[in-house]
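For reference, the structure discussed in these notes is given below.
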Amino acid sequence: MHRLFLLLALLLFSSSSFSIQTLRGSPSDARSLAERAAEHISGFEGGIDTALSALSAPNTQFVDRDLYVYVIDRRGKLIANGANSKLVGKNMLRLRDLDGQLFVRNALTTAFREQAGWTPGYRFIDPLTGRTVTQQSYVVLVDGMVVGVSVARPPS
């Protein structure tokens, strides 16, 4: 009986862990999504506002599991967000992570220095688990705007 309970508990916890992992995108998924969104903006012929609104729409090709696209202008104003369009128009430049890092400023700095690349890690509370996680964003500079996708880094 004890062995049966132990086996059931193991299956329950391993499957819940598996289901959380299937809800997450990988760093390569985040990079690919950011690059596709950057191509969408630079190749869109219907005007920048239409291109940005497509990035802010839920359930599009620019939302993948826990990954979504955001776009920030050079002053730190959020101009597209695939997870929460209510944030669009707000200045995020002074937003800090759990350690006090200005992570939006870091995203801008990375994009303007390198054109594309990974930001330094920053810490947040994971909405799926309630635990503190380190995230990174892959950012791409497109026409003076920063296109990014954040991903939780796997624990080391």
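Computed from backbone phi, the HN-Hα couplings of the range 72-88 come to 10, 7, 5, 9, x, 7, 6, 10, 7, 7, x, 9, 8, 5, 5, 7, 4 Hz, rounded to whole numbers (Karplus: 6.51 cos²θ - 1.76 cosθ + 1.60, θ = phi - 60°; Gly and Pro given as x). Over the range 43-156, accessible surface divided per residue gives 56 Å², non-protein components excluded, 1.4 Å probe. Averaging Cα coordinates gives a centre for the range 121-156 and one for the range 84-102; these two points are 12 Å apart.
Could you tally the net charge around Gln101, taking each other residue with its Cβ under 13 Å from the Cβ of Gln101, Lys/Arg +1 and Asp/Glu -1?
Result for the local shell: +2.
I'd like the FRET efficiency for Phe112 and Ile48, computed as 1/(1 + (r/R0)^6) with the beta carbon distance as r and R0 of 25 Å, rounded to 0.05.
Numbers: r = 19 Å, r/R0 = 0.75.
Given R0 = 25 Å and the Cβ-Cβ separation, E is 0.85.
The values are calculated or read from the model by the stated rules, or taken from the named source; none is laboratory data. Please read all numbers here as calculations on a predicted model, not as lab measurements. Reconstructed Cβ throughout: ideal geometry from the backbone, glycine too, with neighbour counts over all protein chains shown. For the accessible areas, the whole protein counts, side chains as well, though only heavy atoms, and no ligand, DNA or RNA atoms are used. Shrake-Rupley method; radii C 1.70, N 1.55, O 1.52, S 1.80 Å.
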